[in-house]
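The values are calculated or read from the model by the stated rules, or taken from the named source; none is laboratory data. Note that the structure is a prediction, hence the values are computed from the model and not measured. A quick note on method: Cβ atoms are made from the backbone with ideal geometry, for glycine too, and the neighbour counts reach across all protein chains shown.
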Amino acid sequence: MPTPVRTSVFISYSHADSVWLDLLNTHLKPLIRDHKVEIWSDQKLRKGEQWRERIHAQMAKAKVAIFLVSASFLGSDFIHAEELPPLLKAAKRAGATLLTIIVRPCAGSFQDSPLSHLQTVNGPQTPLSGMSVTAQEQVMASVYDELRSIFRGAAPKPTTQTKTIKTTAVAPKTPKRVTVTVADKTVAQEAAAKAKAIARQKAIAKKKREAAAAAKKLAAEQAPATHKKAAAPRKSAAKPATTRIRKK
């Protein structure tokens, strides 16, 4: 028969201490609602149910057992014979957590009980019944914190099946880290400003040259024609031919 998975909380108590069970259940209610943890005590037994078998089944799957200890608890033959032995065995062999809360005075009888070697939530000398209401609430709140820590840490991690492929791992090259100082930044800024100034001066000189050339061209176009070509020299007028008449 497979071993039951321990996922719940089992509360062992005497019916004479039901008032403390009710207070504990009040504090553990968020654990049931928000974390889906089963909190079980014999108050959940149904009419006609085989109660002994159900109690043993619940103890078998308890990850945490809480004992509400009093003189009535320690005097119960059923608790002593039916509940304590399997729960103490589960703590030793299956790693179950046992939390002991002293609800009413029982220091003497508690020292003779099988629970005396366990660390208690509150000491046998300071039972809940002798505390202020605020102190009682603080003890129950500490139990809630302990259970939340146990069950939140026990949540199974999702598993995925992956195919393993053998590859040769190549370590990535670490890029060289270049350290830029304030002085370097200043030099770079000065060089950039100087380059901009030189480019600006060249642009201004180019514009001046272009303006001078345009002015020269315009002046040449507006000059008089005599400046373009020298006038050709005029030819002298031909003298009329004279005919000499000879005398006969």
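At a glance:
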quantity: Residue that is surrounded by the most Cβ atoms within 10 Å (Cβ to Cβ) [pool: residues in region 26-81 that are part of a loop (DSSP other than H, G, I, E, B) and not polar (S, T, N, Q)]; calculated: Val37
quantity: Residue selected from region 1-44 under the condition without any contact (Cβ under 8 Å) to a residue 40 or more places away in the chain and among the basic types (Lys, Arg), by the criterion nearest to Ile55 (Cα to Cα); calculated: Lys44
quantity: Test for Lys89: is it closer than 19 Å to Ser142 by Cα and modelled with pLDDT of 95 or more; calculated: no
quantity: Region 127-145, residues that are within 14 Å of Thr26 (Cβ to Cβ) and among the hydroxyl-bearing types (Ser, Thr, Tyr); calculated: Tyr144
quantity: For Ile101: the one exception among (1) farther than 27 Å from Ser149 by Cα; (2) modelled with pLDDT of 95 or more; calculated: (1)
quantity: Within region 103-131, considering residues that are aliphatic (A, V, I, L, M) and touching a helix residue (DSSP H, G or I) at 6+ places or on another chain (Cβ under 7 Å), the one nearest to Ala71 (Cα to Cα); calculated: Val103
quantity: Residue match in region 113-136 (condition: modelled with pLDDT under 90, of a type in the set (S, T, N, Q), surrounded by fewer than 16 Cβ atoms within 10 Å (Cβ to Cβ) and assigned to a loop (DSSP other than H, G, I, E, B)); calculated: no
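A quick yes/no check of all residues on (1) within 17 Å of Lys36 (Cα to Cα); (2) β-branched (Val, Ile, Thr); (3) in contact with an Asp or Glu (Cβ under 9 Å, 6 or more places away or on another chain):
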| position | (1), (2), (3) |
| --- | --- |
| Ser113 | no, no, no |
| Leu118 | no, no, no |
| Val121 | no, yes, yes |
| Gln125 | no, no, no |
| Gly130 | no, no, no |
| Thr134 | no, yes, no |
| Val139 | no, yes, no |
| Arg152 | yes, no, no |
